[in-house]
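Reviewing the structure listed below.
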Amino acid sequence: MFRDMVDPRRLGASAVALLVLSGTAGAQGDAVRGLRRAFAADGQPTDVEGVRLAAIAAAATADAAETVDALCAAYLRCDGELRPLERDVSKRMATGGAKLAMQQRPQLDSLLRVTTAIERTLAAFSAPASLEQIVVRCVEGRELPPQLRAAVCRRAALLGPRAVPRLGTAVRDAKRPDDAWIALAALGACGRPAHVAGAEVEARLADRTPLVRLRAVRTLVEIDHRAGVPALVARLDAEQGRAHRLVVEALEELTGMALGDSAERWRIWWQAEGETFVRVGRAAAAQPARPVDAAQRTETATFFGLPQDGAAILYVLDRSNSMKTPVAGRRAAGAAAAESRWERLLAETDAALDRLRPDQTFNIVAFGDENMIWCDTMQRATPERVAAAKAWLHEAPFQLGTNVFGALDEAFALGGPNLQDRYFDAAVDTMLFLSDGHPTRRDPATPRSLGRDDPELCLALARRRNPFGSVTIHAVALGRGALVAFVRELASEHGGQFRHEQ
């Protein structure tokens, strides 16, 4: 299991001994005691990382309720170490101290690797007692960090239909947005058997928190709650932009019909076919799904074909030297030379900015080795601000390096003073990310040297900053040198769409 994922180079001699011992002894008590010792030790995260990872790997062999509790306690310890470190990095970056912030990377990296290891270990447990404790601690409990709760709450589905009543109760009784979101996600993982709790999910469609409403929309599809179609149709009249599009997509997925985004057209279909549809499902649809003409669907502005229908759009764009590379097979009209990746990006970005609505806000982060931010705050998409943003981007200098970690950190910081404390009230709801290369970083010990960064750490950072998907990330991999798997995963983990253009 996770033990096979531990890099031995990160483990000290005592840690390796602990890992080997766990494989032979297999004692649950030893694994739990090892965890407690490893996370009780003082020291910098980089100094204790090896012992911690070995203890987690040993605990992976002890799938039991007591191990769940010990892993949760370990996560709480790491979270307590991460939060002040993250705030310090954010403050330094906000005041132009990117080089000072870089010095904190080794500590951040160590803690991200350890917390990710805990999440993956808990997400692999399957013993009934472990699953029961995961529900108690991560779904019904409130003391754990939201990142851990969101990462493992869907394991509740492995308890089978008997988990549905208590999860439905959790959905109904939740007072906080994070509790409601997690209960909805856990219930959705139960699939069709959970449709008996459909009424509780429908009630959440009227929640005052937009992200909870969207999670309820998704859960209705996951549990195949056919009787919820009228409630979803009613949301078409209430939601706008991205939320409106997601409700349409949910209706299409649930019913198998393609009727556009007109609530009236969906109501007519429901009146004619709803009773039969509820009884036998999608196969009963009297009309085949068919393409919708332009009159039946509202077109939205796009960036490389990706929707930019959120209320607050942040463009996170690669400005590294490799963006000068010509795009294979592309030549701008009247140009003697092939169009470069940067010219391709500028053409798409100019058009995307021009199509923003005046009621939308936007901003731009251009990144290479360091970040360049157009404005300190999100700006209204007035013609004057759009023109200013385009002029700024056209003049942005190229840089060495592709510091994706720093760019994502900066981008999430623009979501508010500290997005990790504002999951449901962020200033950004849509991120459009583009890169053409492998993430890079500088070693604080030798800052002049530029090396490859671990894309898994970039993904771990994004998961930590965006546990509930409050920011949808659409992502573009541009060119043949792009790390396609990483960019695709970034979009997938945050509810977005992906494009690869060579």
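Key figures
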quantity	calculated
The stretch 164-178: number of residues that are of a type in the set (A, V, I, L, M) and at pLDDT below 95	0
Verdict on Asp69 being surrounded by fewer than 20 Cβ atoms within 10 Å (Cβ to Cβ) and either assigned to a helix (DSSP H, G or I) or among the acidic types (Asp, Glu) (or both)	yes
Any hit, the stretch 392-403, residues being in contact with a Leu (Cβ under 8 Å, 6 or more places away or on another chain) and modelled with pLDDT under 95	yes
Unique residue being surrounded by fewer than 23 Cβ atoms within 10 Å (Cβ to Cβ) and either within 22 Å of Ala462 (Cβ to Cβ) or not aliphatic (A, V, I, L, M) (or both) when the list is Leu144, Leu159, Leu122	Leu144
Within the stretch 202-252, tally of residues that are polar (S, T, N, Q), at pLDDT below 95 and closer than 19 Å to Ala183 by Cβ	1
Residues of the stretch 26-60 classified as of a type in the set (D, E, K, R), surrounded by fewer than 23 Cβ atoms within 10 Å (Cβ to Cβ) and assigned to a helix (DSSP H, G or I), total	5
Single match in Ala186, Ala194 (criterion: more than 23 Å from the chain's Cα centre (by Cα), crowded, with 19+ Cβ neighbours inside 10 Å and over 16 Å from Arg213 (Cβ atoms))	Ala194
Positions within the stretch 444-502 being part of a loop (DSSP other than H, G, I, E, B), crowded, with 18+ Cβ neighbours inside 10 Å and among the acidic types (Asp, Glu), in sequence order	Asp453
Residue list for the stretch 194-236, filter: more than 24 Å from Leu159 (Cα to Cα) and small (Gly, Ala, Ser)	Ala203, Ala206, Ala227, Gly228, Ala231, Ala234
Residue ID - surrounded by the fewest Cβ atoms within 10 Å (Cβ to Cβ), chosen from residues in the stretch 295-306 that are at pLDDT below 95 and not in a loop (DSSP other than H, G, I, E, B)	Ala295
Number of the exception - Thr402 against (1) of a type in the set (Ser, Thr, Tyr); (2) over 24 Å from Glu456 (Cβ atoms); (3) in contact with a Phe, Trp or Tyr (Cβ under 9 Å, 6 or more places away or on another chain)	(2)
Out of Gly191, Gly168, sole residue that is on the phi > 0 side of the Ramachandran plot and without any contact (Cβ under 8 Å) to a residue 60 or more places away in the chain	Gly191
Meets criteria (without any contact (Cβ under 8 Å) to a residue 60 or more places away in the chain and either touching a Gly at 6+ places or on another chain (Cβ under 9 Å) or in a loop (DSSP other than H, G, I, E, B) (or both)) for Asp350	no
Only one of Gly401, Gly368, Gly406 that is within 21 Å of the chain's Cα centre (by Cα) and closer than 25 Å to Pro439 by Cα	Gly406
Index of the failed condition, Ile268 passing every other in (1) in contact with an Asp or Glu (Cβ under 6 Å, 6 or more places away or on another chain); (2) farther than 25 Å from Ala189 by Cα; (3) of a type in the set (A, V, I, L, M, F, W, C)	(1)
Count of the stretch 225-253 residues which are under 24 Å from the mean Cα position of the chain (by Cα) and outside any helix (DSSP H, G or I)	2
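Residues checked against (1) farther than 30 Å from Pro444 by Cα; (2) out of contact with any Leu (no Cβ under 6 Å at 6 or more places or on another chain); (3) not polar (S, T, N, Q):
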| residue | (1), (2), (3) |
| --- | --- |
| Leu53 | no, yes, yes |
| Thr61 | yes, yes, no |
| Ala65 | yes, yes, yes |
| Pro106 | no, yes, yes |
| Arg120 | no, yes, yes |
| Val135 | yes, yes, yes |
| Pro146 | yes, yes, yes |
| Val152 | yes, no, yes |
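This table checks each residue for (1) closer than 17 Å to Leu490 by Cα; (2) assigned by TED's automatic domain parsing to the domain that holds Leu314; (3) at pLDDT below 95; (4) in contact with a strand residue (DSSP E or B) (Cβ under 8 Å, 6 or more places away or on another chain).
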residue	(1), (2), (3), (4)
Ala388	no, yes, no, no
Pro417	no, yes, yes, no
Tyr423	no, yes, yes, no
Thr440	yes, yes, yes, yes
Leu450	no, yes, yes, yes
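The values are calculated or read from the model by the stated rules, or taken from the named source; none is laboratory data. All values derive from a computational prediction rather than experimental measurement. Neighbour counts are summed over all protein chains in view; Cβ atoms, including those assigned to glycine, are modelled from backbone coordinates with ideal geometry.
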